[in-house]
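K.L.:
Here you go, one structure.
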Amino acid sequence: MAAMPALELTDPSVIPEIAKGVRSTFLTHKTRSIEFRLVQLRKLYWGMKDNANAIEAACKLDLGKGIFESNLSELNFCTNTLIYDINNLEKWARDESSPDVPIDMMVLRPKIRKDPLGTVLILGPYNFPVNLLICPLAGAIAAGNTAVVKPSENAPNVAAVMQKVIEGYLDQSCYRVVQGAIPQSTALLEQKWDKIFYTGGASVGTIIAKKAAETLTPVILELGARNPAIVTKNADIRLAARRLLWGKVHNAGQVCISQNYTLVDKEVFDRFVLEMKKAMKEYYPNGTRNTEDFGRIVNNRQWQRIKKMLDDSQGQILMGGDMDESDRYIEPTIIRVSSLTDSLITEESFGPLMPLLPVSNLDEAIRIANEVHATPLAIYPFGNKTETDRCLAEIRSGGASVNDGFMHGSLPTLAFGGIGDSGHGAYRGKASFDCFSHARTITSTPGWVEFLMAVRYPPYEGKMKMVRRMELKPDFDREGRVKFSLVRYIVGLGATSKTGGLVRYLVVILAALGLKQFFTL
């Protein structure tokens with residue numbers, strides 16, 4: 001096992017100077033250069049690759065992650081994100097032409113410029129302590145910001161390795177690491193930031209949002225939730241069981257977007273449980289206690305929390321239940337529950353507990369899902385297309401994976417984020433660049449158009465007619481019904497939109513050209 005660097009906590013008294021330093025660097029405009037950003041992203045990539053063994057070892061020490069999981073959801077996720085950002089940054093950073101500009105205003109040459117926000121703070125969690133720290137940092141770098149990052153103190157070995165990577169490979173005048181817990185977080189939140197990015201629990205997220213509001217600082221909050229899975233009688237039961245089981249054993253269930261509970265149609269409930277047991281045997285033929293393929297709970301405090309949830313439950317254990325605090329081990333456990341007030345339904349387990357609640361039909365499942373948590377981070381509907389479409393239409397969520405576990409959160413190019421009290425703001429892929437950028441609208445008015453602008457200057461007497469002519473006219477009546485216009489119908493060739501009309505004209509022109517060529521042969 002690779003030797004771990006020692007974790008040294010940051011003295012809270014130096015944090016103001018750290019924040020001041022990276023803000024001063026931003027004001028030198030050093031990070032505005034696209035080439036500078038690309039170099040930093042490339043160096044961060046090699047920092048991850050060069051320290052791969054140390055990252056794997058740290059993930060094993062902190063979370064019991066085996067090499068496969070550490071690479072799949074930590075290392076490879078980050079390196080793929082960095083390569084994607086590097087390959088697309090120049091395109092993302094280009095000025096965009098402003099859409100839907102009136103013809104008479106085109107002379108102003110309106111455009112949208114992607115400006116960096118400034119100096120940002122990134123607070124990482126413990127469950128994916130590499131992925132959920134490096135990926136936001138990559139977005140901040142790509143967008144041209146300077147940044148201070150604080151890894152989670154609950155994954156101390158990973159935190160130390162992340163500091164080694166960031167300090168060893170990135171420009172220290174632009175990107176700094178702060179290590180610690182509540183004292184350091186408190187000191188960080190006392191500073192003025194241009195954006196705060198936080199991944200973690202809702203209780204801490206609330207504190208951060210309140211503190212940020214004092215200085216009108218925007219925040220991105222990636223929080224947890226009580227995510228429902230729904231299995232209808234028309235679902236592929238074997239696939240539903242296998243895929244949802246995977247969603248709860250990955251990282252020992254410490255995944256904010258895994259299902260927190262599963263609503264199963266009564267007609268297929270027993271078969272679903274049977275298929276989960278079969279899948280468990282397939283995944284872990286020798287059990288989960290002595291395999292590298294199943295992780296551990298991050299610390300004893302979290303282990304005790306999960307155990308208490310199970311102890312307080314009135315449900316019936318159908319599989320699993322074995323625990324060992326000395327090893328921070330909790331066996332994947334299936335529990336049949338019967339009440340919405342059960343501890344396994346009212347709280348987010350963030351562990352390998354799988355409560356199942358039988359329901360009579362899809363109507364009941366949708367009603368329960370909306371009652372338990374109105375805005376979960378994710379939903380997982382299993383059934384035919386009509387059923388899954390209903391779930392998507394009638395249950396709000398940050399994201400969704402239809403007929404699968406959390407695949408929508410597994411692709412580094414897809415925007416990811418919550419809704420309501422499961423968080424707000426999205427990142428990953430281009431969304432990471434966008435969330436750390438300001439879309440700045442810019443116009444440039446040439447001097448020669450002054451005569452066209454004269455209408456805006458006082459005195460206004462006699463100018464109202466010109467203003468009236470500039471006003472857009474509705475194509476609907478007071479009841480909201482669209483008026484039929486024969487002229488518009490003829491001009492638009494019967495299309496209901498400008499785009500449709502243009503397409504029809506293009507088809508007519510191409511057809512005419514084809515006929516002309518045919519008759520001239």
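K.L.:
Test G429 against the stated conditions and say whether it is within 22 Å of the chain's Cα centre (by Cα) and either open to solvent by 10 Å² or more (accessible area, probe 1.4 Å) or touching a residue at least 12 places away in the same chain (Cβ under 8 Å) (or both).
P.N.:
Considered against the rule, which asks whether it is within 22 Å of the chain's Cα centre (by Cα) and either open to solvent by 10 Å² or more (accessible area, probe 1.4 Å) or touching a residue at least 12 places away in the same chain (Cβ under 8 Å) (or both), G429 comes out as yes.
The rows are residues; the columns are (1) open to solvent by 50 Å² or more (accessible area, probe 1.4 Å); (2) under 23 Å from F406 (Cα atoms); (3) in contact (Cβ under 8 Å) with a residue 60 or more places away in the chain.
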| residue | (1), (2), (3) |
| --- | --- |
| E282 | yes, yes, no |
| E292 | yes, yes, yes |
| N300 | yes, no, no |
| G320 | no, yes, no |
| D324 | no, no, no |
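K.L.:
Which of the residues belonging to region 238-253 are surrounded by 23 or more Cβ atoms within 10 Å (Cβ to Cβ) and in contact with a Gly (Cβ under 7 Å, 6 or more places away or on another chain)?
P.N.:
L244, G247, N251, A252, G253
K.L.:
Residues of region 337-358 being out of contact with any Phe, Trp or Tyr (no Cβ under 8 Å at 6 or more places or on another chain) and surrounded by fewer than 21 Cβ atoms within 10 Å (Cβ to Cβ), which ones?
P.N.:
Within region 337-358, S338, S339, L340, T341, D342, S343, T346, E347 qualify.
K.L.:
Can you find even one residue in region 391-401 that is β-branched (V, I, T), surrounded by fewer than 18 Cβ atoms within 10 Å (Cβ to Cβ) and out of contact with any His (no Cβ under 7 Å at 6 or more places or on another chain)?
P.N.:
no
K.L.:
Then there's this: Condition (residue is in contact with a strand residue (DSSP E or B) (Cβ under 7 Å, 6 or more places away or on another chain) and either farther than 30 Å from I237 by Cβ or not in a helix (DSSP H, G or I) (or both)) applied to region 455-477: is it met by at least one residue?
P.N.:
For region 455-477, residues in contact with a strand residue (DSSP E or B) (Cβ under 7 Å, 6 or more places away or on another chain) and either farther than 30 Å from I237 by Cβ or not in a helix (DSSP H, G or I) (or both): present.
K.L.:
Taking A212 and the conditions (1) open to solvent by less than 20 Å² (accessible area, probe 1.4 Å); (2) touching a residue at least 40 places away in the same chain (Cβ under 8 Å), which numbered condition does it fall short on, given that it satisfies the others?
P.N.:
For A212, the failing item is (2).
K.L.:
Given the structure, is T25 under 25 Å from the mean Cα position of the chain (by Cα) and within 19 Å of V149 (Cβ to Cβ)?
P.N.:
Against the criterion (under 25 Å from the mean Cα position of the chain (by Cα) and within 19 Å of V149 (Cβ to Cβ)), T25 does not qualify.
K.L.:
Could you tell me which of the residues V161, V148 is modelled with pLDDT of 95 or more, aliphatic (A, V, I, L, M) and in contact with a Pro (Cβ under 9 Å, 6 or more places away or on another chain)?
P.N.:
Step by step, each of V161, V148 is checked, and only V161 is modelled with pLDDT of 95 or more, aliphatic (A, V, I, L, M) and in contact with a Pro (Cβ under 9 Å, 6 or more places away or on another chain).
K.L.:
Same structure, new question: Which residue out of V231, V204 is within 30 Å of L353 (Cβ to Cβ) and crowded, with 24+ Cβ neighbours inside 10 Å?
P.N.:
V231 is the lone residue from the list that is within 30 Å of L353 (Cβ to Cβ) and crowded, with 24+ Cβ neighbours inside 10 Å.
K.L.:
Among the residues of region 297-327, what is the count of those that are part of a helix (DSSP H, G or I) and in contact with a Phe, Trp or Tyr (Cβ under 7 Å, 6 or more places away or on another chain)?
P.N.:
Number of matching residues: 1.
K.L.:
I'm trying to understand the selection: among the residues of region 178-204, which are of a type in the set (V, I, T) and touching a residue at least 40 places away in the same chain (Cβ under 8 Å)?
P.N.:
V178, T186, I196, T199
K.L.:
Among the residues of region 415-426, what is the count of those that are within 18 Å of P381 (Cβ to Cβ) and open to solvent by 40 Å² or more (accessible area, probe 1.4 Å)?
P.N.:
So the count comes out to 1.
K.L.:
Next question. Restricting to strands (runs of 3 or more DSSP E) lying wholly in region 328-391: which have 3 or more residues that are among the hydrophobic types (A, V, I, L, M, F, W, C) and in contact (Cβ under 8 Å) with a residue 40 or more places away in the chain?
P.N.:
353-359, 378-382
K.L.:
Among (1) more than 26 Å from P5 (Cβ to Cβ); (2) open to solvent by 30 Å² or more (accessible area, probe 1.4 Å); (3) at pLDDT 95 or above; (4) not basic (K, R), where does T217 come up short?
P.N.:
Condition (2) is where T217 drops out.
K.L.:
Sticking with this one: Quick one: I237 ticks every box in (1) in contact with a Leu (Cβ under 8 Å, 6 or more places away or on another chain); (2) modelled with pLDDT of 95 or more; (3) of a type outside the set (D, E) bar one, so which box is it?
P.N.:
Condition (1) is where I237 drops out.
K.L.:
Within region 402-414, restricting attention to residues that are hydrophobic (A, V, I, L, M, F, W, C) and either over 22 Å from K248 (Cα atoms) or touching a helix residue (DSSP H, G or I) at 6+ places or on another chain (Cβ under 6 Å) (or both), which residue is surrounded by the most Cβ atoms within 10 Å (Cβ to Cβ)?
P.N.:
Looking at residues that are hydrophobic (A, V, I, L, M, F, W, C) and either over 22 Å from K248 (Cα atoms) or touching a helix residue (DSSP H, G or I) at 6+ places or on another chain (Cβ under 6 Å) (or both), I get F406.
Each row is one residue, and each column tells you yes or no for (1) modelled with pLDDT under 85; (2) surrounded by 10 or more Cβ atoms within 10 Å (Cβ to Cβ); (3) of a type outside the set (A, V, I, L, M, F, W, C).
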position: Y460; (1), (2), (3): no, yes, yes
position: L472; (1), (2), (3): yes, no, no
position: R488; (1), (2), (3): yes, yes, yes
position: V491; (1), (2), (3): yes, yes, no
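K.L.:
Based on what the data block shows, is T199 hydroxyl-bearing (S, T, Y) and either crowded, with 24+ Cβ neighbours inside 10 Å or not in a helix (DSSP H, G or I) (or both)?
P.N.:
Yes.
The values are calculated or read from the model by the stated rules, or taken from the named source; none is laboratory data. These figures come from a predicted structure and were not determined experimentally. All Cβ positions, glycine included, derive from the backbone under ideal geometry; neighbour counts span all protein chains shown. Side chains included, ligands, DNA and RNA excluded: accessible areas come from the protein's heavy atoms. Shrake-Rupley method; radii C 1.70, N 1.55, O 1.52, S 1.80 Å.
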